[in-house]
6 protein chains.
Amino acid sequence: MSNLVKEFNDYRSKMNEVILSKDNLVIKRLWNLDTNTYAEGALSTQTKEMLGLVASMVLRCDDCIKYHLGKCHELGITTAQMYEIFAVANIVGGTIVIPHTRRAAEYWEELIANN
Amino acid sequence: MSNLVKEFNDYRSKMNEVILSKDNLVIKRLWNLDTNTYAEGALSTQTKEMLGLVASMVLRCDDCIKYHLGKCHELGITTAQMYEIFAVANIVGGTIVIPHTRRAAEYWEELIANN
Amino acid sequence: MSNLVKEFNDYRSKMNEVILSKDNLVIKRLWNLDTNTYAEGALSTQTKEMLGLVASMVLRCDDCIKYHLGKCHELGITTAQMYEIFAVANIVGGTIVIPHTRRAAEYWEELIANN
Amino acid sequence: MSNLVKEFNDYRSKMNEVILSKDNLVIKRLWNLDTNTYAEGALSTQTKEMLGLVASMVLRCDDCIKYHLGKCHELGITTAQMYEIFAVANIVGGTIVIPHTRRAAEYWEELIANN
Amino acid sequence: MSNLVKEFNDYRSKMNEVILSKDNLVIKRLWNLDTNTYAEGALSTQTKEMLGLVASMVLRCDDCIKYHLGKCHELGITTAQMYEIFAVANIVGGTIVIPHTRRAAEYWEELIANN
Amino acid sequence: MSNLVKEFNDYRSKMNEVILSKDNLVIKRLWNLDTNTYAEGALSTQTKEMLGLVASMVLRCDDCIKYHLGKCHELGITTAQMYEIFAVANIVGGTIVIPHTRRAAEYWEELIANN
């Protein structure tokens with residue numbers, strides 16, 4: 001696993017553990033629900049992960065972007081498809097999305113280099 | 001055409017004409033580019049319109065939502081699929097997306113009632 | 001009930017019914033969870049509703065603001081307290097919160113006039 | 001005065017009066033400070049109003065946009081200049097700014113028609 | 001003092017000094033006003049700091065979150081109360097608030113470990 | 001060139017190259033359009049860069065801020081003028097803009113120290 005990917009996953013796991021150890025029921029249930037949201041349904045998991053990614057991009061949440069990039073990579077989204085998602089995000093959200101696109105592109109390069 | 005749909009389309013056309021009459025080159029080119037963004041490519045037009053919709057929902061732009069709802073309806077997105085897009089938007093964007101989901105649901109009802 | 005309050009509640013009920021009739025499990029569960037979030041706990045319901053209000057104000061969601069204003073009114077928040085919440089929202093979120101504060105103030109006047 | 005302009009100004013005045021009558025010191029002082037922000041200084045009032053406008057556009061606050069459009073009109077900003085401000089806002093903020101640009105264009109037409 | 005807390009406070013002090021040395025009156029007065037906003041009034045300082053925290057969380061400003069976490073810690077907010085604030089922020093603002101909640105949780109751990 | 005400025009420029013160049021190598025037409029054209037937006041026109045390049053900066057500040061995009069700070073510096077904006085732009089951004093966008101103002105002030109110091 002590349003540096004960026006490993007760092008992201010490690011920090012995420014460590015802090016999720018801290019948060020869940022506090023037993024806040026609303027947070028626990030929201031996180032379960034979050035997982036359910038991307039399950040196969042009337043739309044495929046692949047489509048839903050792309051929706052989650054574009055939503056994260058226009059809201060400019062780098063860690064959310066990384067998470068969905070990882071999922072999209074696992075699900076076989078190609079680089080050409082990925083850049084069309086980036087294009088929608090940049091057009092809808094404007095040039096303020098560009099710096100986030102740079103970090104997304106960097107993370108994506110690491111994901112495809114490691115597989 | 002229903003009231004909401006007609007009102008939205010009429011105001012949109014009227015004001016687009018005013019704006020384009022001013023001959024601002026950047027705005028004209030951005031609008032052309034916007035159209036190109038949703039063209040068939042590595043991703044289907046249908047997928048891209050869904051991406052545009054979910055992005056509009058989390059950014060809470062009612063008119064952008066209406067525009068993409070219209071496009072999704074033309075492209076044959078079903079009601080079950082639509083509500084899965086709504087679900088992603090509500091989970092990613094939180095409960096502040098709910099009022100926009102209400103207006104989206106109302107507009108969608110008019111679109112499907114008018115076939 | 002005043003006009004603004006009745007209109008808000010009626011539209012909200014009507015559209016919630018439409019949305020829930022589509023049986024999207026994620027949306028249903030998110031809405032249940034939303035209700036639980038404001039239940040009495042380590043913080044009082046009153047404090048939580050104030051938190052929900054200020055969050056809605058800085059995110060500039062007029063309908064979310066109306067909802068929490070109604071709840072705060074039921075729970076006995078005073079006008080002096082309410083304007084201190086408005087002050088926090090305007091300082092944190094800036095002058096773009098002012099137009100939303102105007103609509104919040106109008107709605108609050110109707111709530112206190114009717115009780 | 002046109003309809004849109006009069007309506008905006010009337011509602012603004014009426015609600016400002018309500019809010020100020022509650023004597024919340026933080027809000028009062030923030031509003032005074034807001035006025036000072038646009039005073040002649042190292043930058044001209046004209047430049048500052050343009051800054052206030054573009055900030056309001058990318059934050060998508062229609063009432064804030066109307067306010068600064070009124071000020072820019074008083075200060076002699078031309079239509080060609082105005083559309084270049086719109087262009088910056090649309091490029092930086094993306095196509096979600098378009099619906100707000102439509103409403104801004106409509107308001108601007110009324111401002112220039114009445115003078 | 002822990003690393004994260006010290007780093008945050010040091011950078012904040014250093015840059016505040018730079019900014020204030022430029023004698024911009026609007027910025028100086030806004031910062032004074034910011035301090036007044038959280039003073040004891042119709043609402044307690046504790047409640048106001050919780051309001052400031054939840055507002056910072058839904059607006060996803062990590063440094064603002066750290067600042068209010070520090071204040072809440074000084075004022076005796078418990079971990080159970082803190083996680084109920086986190087829950088409101090995550091429900092209102094959606095799953096994009098989760099990465100900010102992770103960093104908030106990490107900072108909170110350091111605050112409580114050092115006291 | 002200072003550290004912050006060099007780091008920003010290097011990363012930006014490296015990732016722009018990666019992104020452009022993927023030949024996504026929409027992204028390429030958006031980036032060209034972005035350049036055109038700030039060209040001399042009815043408004044001067046200087047005014048447009050200030051507009052781009054204030055828009056980036058209220059949208060709280062640190063990298064966008066750095067980019068426009070660099071341009072403003074090249075175009076001869078003074079420190080007094082710069083802090084009036086910061087003031088508008090802080091008033092319109094609220095105290096959540098303060099941490100971004102700190103980083104902007106730090107970057108500005110490096111720009112003026114190196115020239």
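The values are calculated or read from the model by the stated rules, or taken from the named source; none is laboratory data. In this text the structure is predicted, and so the values were computed from the model without any measurement. Methodologically, a virtual Cβ is constructed for each residue, glycine included, from the backbone with ideal geometry; neighbour enumeration extends over all protein chains shown. Only protein heavy atoms, including side chains, enter the accessible area calculation; ligands, DNA and RNA are left aside. Shrake-Rupley method; radii C 1.70, N 1.55, O 1.52, S 1.80 Å.
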Problem - Condition met for B:Tyr83 (farther than 27 Å from F:Leu43 by Cβ and open to solvent by 20 Å² or more (accessible area, probe 1.4 Å)) - result: no
Completion exercise
Exception for A:Lys14 within (1) open to solvent by less than 50 Å² (accessible area, probe 1.4 Å); (2) on the phi < 0 side of the Ramachandran plot; (3) within 11 Å of chain E (Cβ to nearest Cβ); (4) of a type in the set (Lys, Arg) falls at (1)
Handout entry: Considering residues of region D:62-112 that are among the aliphatic types (A, V, I, L, M) and either modelled with pLDDT under 95 or under 11 Å from the mean Cα position of the chain (by Cα) (or both) only, the residue nearest to F:Met57 (Cα to Cα)
Key = D:Ile65
Practice task
Scan region E:70-86 and give yes if some residue there is facing another protein chain (nearest Cβ under 8 Å), part of a helix (DSSP H, G or I) and within 21 Å of E:Arg12 (Cα to Cα), otherwise no.
Solution key: no
Practice task
Return the residue satisfying two criteria in turn: it lies in region C:1-22 and is among the small types (Gly, Ala, Ser) and part of a loop (DSSP other than H, G, I, E, B), and of such residues it is farthest from C:Glu110 (Cα to Cα).
Solution key: C:Ser21
Exercise for the section: Looking only at region D:29-42, decide whether some residue is in a helix (DSSP H, G or I) and aliphatic (A, V, I, L, M). Expected result: yes
Exercise for the section: Output yes when any residue across region E:49-56 is under 9 Å from the mean Cα position of the chain (by Cα) and within 27 Å of D:Asn36 (Cα to Cα), and no when none is. Expected result: yes
Exercise for the section: Could you run through region B:89-115 and say how many residues are closer than 21 Å to B:Glu74 by Cβ and at the interface with chain E (Cβ under 10 Å from one of its Cβ atoms)? Expected result: 1
Practice task
Please verify whether region D:38-48 includes one or more residues that are open to solvent by 60 Å² or more (accessible area, probe 1.4 Å) and more than 12 Å from chain C (Cβ to nearest Cβ).
Solution key: yes
Practice task
Answer with yes or no whether C:Arg60 is of a type in the set (D, E, K, R), open to solvent by 10 Å² or more (accessible area, probe 1.4 Å) and without any contact (Cβ under 8 Å) to a residue 40 or more places away in the chain.
Solution key: no
